[in-house]
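Participant: Dropping the structure in here first, questions after.
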Amino acid sequence: MPPLVSLQLRRLLHRALPSSPASSHIFSSQLALTHLSKFQLLQLSLINCYSSSAKTPNHDISDIDPLAQSISAELLKAPDADSLSISERLNLNFSHVASKVTPSLILQTLNLSFEAGRTIMGFNQWLVSAVNFKHTDETMSFFIDYFGRRKDFKATHELLLEGKPVIGIKSFESTIDRLVKAGRPAQVVGFFERMESDYGFKRDRESLRLVVQKLCDKGYASYAEKKVKNLANEIFPDEGICDLLIKGWCVDGKLEEAKRLAGEMYRGGFEIGTMAYNAIIDCVCKLCREKDPFRIDSEVENVLVEMDIRGVPRNVDTFNVLISNLCKIRRTQDAMNLFYRMGEWGCYPDETTFVVLIKSLYQAGRVGEGDEMIDRIKSAGFGDKLDKKVYYGFLKILCGIERIEHAMTVFKKMKADGCKPGLKTYELLIAKWCAHNRLDIANALFNEAKSNGVPVTPKEYMINPKFVKKPAAEKKGKKRETLPEKMARKKRRLKQIRLSFVKKPKRMMRRVA
């Protein structure tokens, strides 16, 4: 082992161990001899186990196109690094890849180049001019989504004007979505007012429904309701839009406003659908969880009775809402009982039902039942929904409750189902085994990731002190006394016995009158 690694390790263990300096030095030497010869690549220290060098929201690093990485590296260079403009540099270095430019390549490049900023405008110019790439509504939505994540809506405005001939519903949806996520509901309303004259978007009931849905999903029901009422003479709302408004008030946690709007709908001749009632149930459960969890059964029962009176059927989403909220307050057994009763209302569980219950069972330490539920989701026909993201959620829960051995069992099941583990999965397990002081297993996982092409890098992790084996203390045996020591001990004892019966001197005795 290189001497630098050994020095860093000893310094780390001096900080990590709660024992005395002498014992820490002895232990660090033993660890270096027994473990680090098997595990030279993973050092031990406290570090964030996830890499933040590249932001790829929906892609694993191992799935990124090398060409996208090369273009992204050029986009991320400092603007003053070269006298040429970004489009000229791209044309100089990548003129030979014109035929390889696809929507997928553009999306990956944008995801890798979050810090590039306005340089992406040069990338767009290079695509249009040098590569002669024909933009579509989908590719324009990628650029709009990119600048929306950066809250650069001036660039979004320029792109909408430039792509006016090709933009459509996807670009419109990306624009509204990013404005809402940026917390700008007033701008959403203003955009809807002028979108037909400025950008050529069609104002109809479908576009209004999309705006209402985006606003209500984030709890901006007041803006959405006001807009719907102002446009009632031009675009009369249907029951779907009214249900979305009720859902928006519920997302905002304002149950009374949701009930007020529901009453107005009934008086206006509208019928409330199952989606609106599901939102009301979810809001009721949320408020009960915050204020009084013991009232959740009675309050939900009132809503369910009203649904039955109104003739609104329950669906699988109704049960998913109930099961999810029960699991959030650790009432796993009640959630399981409700799961077994779904068939009484003609409902059958979907992938959401199974995943929520599996996580709750694992969280409760009922790992055997969780494994059985994984088998049930496969037999129910939702095995394809068990992707690496879902499995990562299971592993994270098992590692959090220190069931790391069972996490390895689920990890093997994940690979057997054809899910290729990603970087985050390997780093989670490696970090946990290092914390448990099982460097041999961590090293095996590291080598497995390398052999599978997962770009894991050597990092430093910390051993949990409770898993550190302390050196055995030396047994102290009785030492045999010599004859002089034995005689001295007897003299001291005899002296103590004699002094205990000695009378006090008369001068120290209190005189009695």
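The values are calculated or read from the model by the stated rules, or taken from the named source; none is laboratory data. Everything quoted here is computed from the prediction, not taken from an experiment. Virtual Cβ from ideal backbone geometry, glycine too; neighbours counted across all protein chains shown. When the accessible area is computed, the model is the full protein with side chains, heavy atoms only, and any ligands, DNA or RNA have been set aside. Shrake-Rupley method; radii C 1.70, N 1.55, O 1.52, S 1.80 Å.
Participant: Which members of the range 466-502 meet the condition of being modelled with pLDDT of 85 or more, surrounded by 11 or more Cβ atoms within 10 Å (Cβ to Cβ) and either among the polar types (S, T, N, Q) or part of a loop (DSSP other than H, G, I, E, B) (or both)?
Facilitator: GLU481
Participant: Kindly check whether there is at least one residue in the range 217-232 that is of a type outside the set (Asp, Glu), without any contact (Cβ under 8 Å) to a residue 40 or more places away in the chain, at positive phi and open to solvent by 20 Å² or more (accessible area, probe 1.4 Å).
Facilitator: no
Participant: Which residue is nearest to ILE441 (Cα to Cα), if the candidates are limited to the range 376-388 and must be open to solvent by 30 Å² or more (accessible area, probe 1.4 Å) and in contact with a Cys (Cβ under 9 Å, 6 or more places away or on another chain)?
Facilitator: Filtering first and then ranking leaves LYS388.
Participant: Here is a further query. Give me a count of the residues in the range 123-161 that are in contact (Cβ under 8 Å) with a residue 40 or more places away in the chain and either of a type outside the set (A, V, I, L, M, F, W, C) or open to solvent by 10 Å² or more (accessible area, probe 1.4 Å) (or both).
Facilitator: Adding up the residues that qualify gives 2.
Participant: Out of the residues in the range 186-234 that are among the hydroxyl-bearing types (Ser, Thr, Tyr) and touching a Leu at 6+ places or on another chain (Cβ under 7 Å), which is nearest to ALA276 (Cα to Cα)?
Facilitator: Step by step, filter the range 186-234, then rank; the result is TYR223.
Participant: Same structure, new question: Mind listing whichever residues of the range 340-374 are under 21 Å from THR425 (Cβ atoms) and either over 24 Å from the mean Cα position of the chain (by Cα) or among the charged types (D, E, K, R) (or both)?
Facilitator: Residues satisfying the conditions are GLU351, LYS359, ASP371.
Participant: Continuing with the same structure: Can you go through ILE401, ILE441, ILE430, ILE463 and tell me which one is of a type in the set (Val, Ile, Thr), at pLDDT 90 or above and buried (at least 20 other Cβ atoms within 10 Å of the Cβ)?
Facilitator: Within the list ILE401, ILE441, ILE430, ILE463, the selection yields ILE430.
Participant: Please work out if VAL367 is within 30 Å of ASN464 (Cα to Cα) and either touching a residue at least 24 places away in the same chain (Cβ under 8 Å) or surrounded by 18 or more Cβ atoms within 10 Å (Cβ to Cβ) (or both).
Facilitator: It is true that VAL367 is within 30 Å of ASN464 (Cα to Cα) and either touching a residue at least 24 places away in the same chain (Cβ under 8 Å) or surrounded by 18 or more Cβ atoms within 10 Å (Cβ to Cβ) (or both).
Participant: In the range 410-426, which residues are crowded, with 17+ Cβ neighbours inside 10 Å and touching a Leu at 6+ places or on another chain (Cβ under 9 Å)?
Facilitator: Passing the criteria: VAL410, PHE411, MET414, CYS419, PRO421, THR425, TYR426.
Here's the yes/no breakdown for (1) among the small types (Gly, Ala, Ser); (2) at pLDDT 90 or above:
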{"residue": "SER113", "(1), (2)": "yes, no"}
{"residue": "GLY148", "(1), (2)": "yes, yes"}
{"residue": "PHE153", "(1), (2)": "no, yes"}
{"residue": "GLU158", "(1), (2)": "no, yes"}
{"residue": "GLY163", "(1), (2)": "yes, no"}
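Each row is one residue, and each column tells you yes or no for (1) part of a helix (DSSP H, G or I); (2) acidic (Asp, Glu).
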| position | (1), (2) |
| --- | --- |
| VAL166 | no, no |
| GLU196 | yes, yes |
| PHE201 | no, no |
| GLN213 | yes, no |
| SER222 | yes, no |
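Participant: State yes or no: is LYS450 at pLDDT 90 or above and under 24 Å from CYS399 (Cα atoms)?
Facilitator: Against the criterion (at pLDDT 90 or above and under 24 Å from CYS399 (Cα atoms)), LYS450 qualifies.
Participant: Quick check on ALA182: is it at pLDDT below 90, of a type in the set (Gly, Ala, Ser) and out of contact with any helix residue (DSSP H, G or I) (no Cβ under 6 Å at 6 or more places or on another chain)?
Facilitator: no
Participant: Continuing with this model, one more query. Working only within the range 231-242, note down all residues that are of a type in the set (Asp, Glu) and outside any loop (DSSP other than H, G, I, E, B).
Facilitator: Within the range 231-242, just GLU239 meets the criteria.
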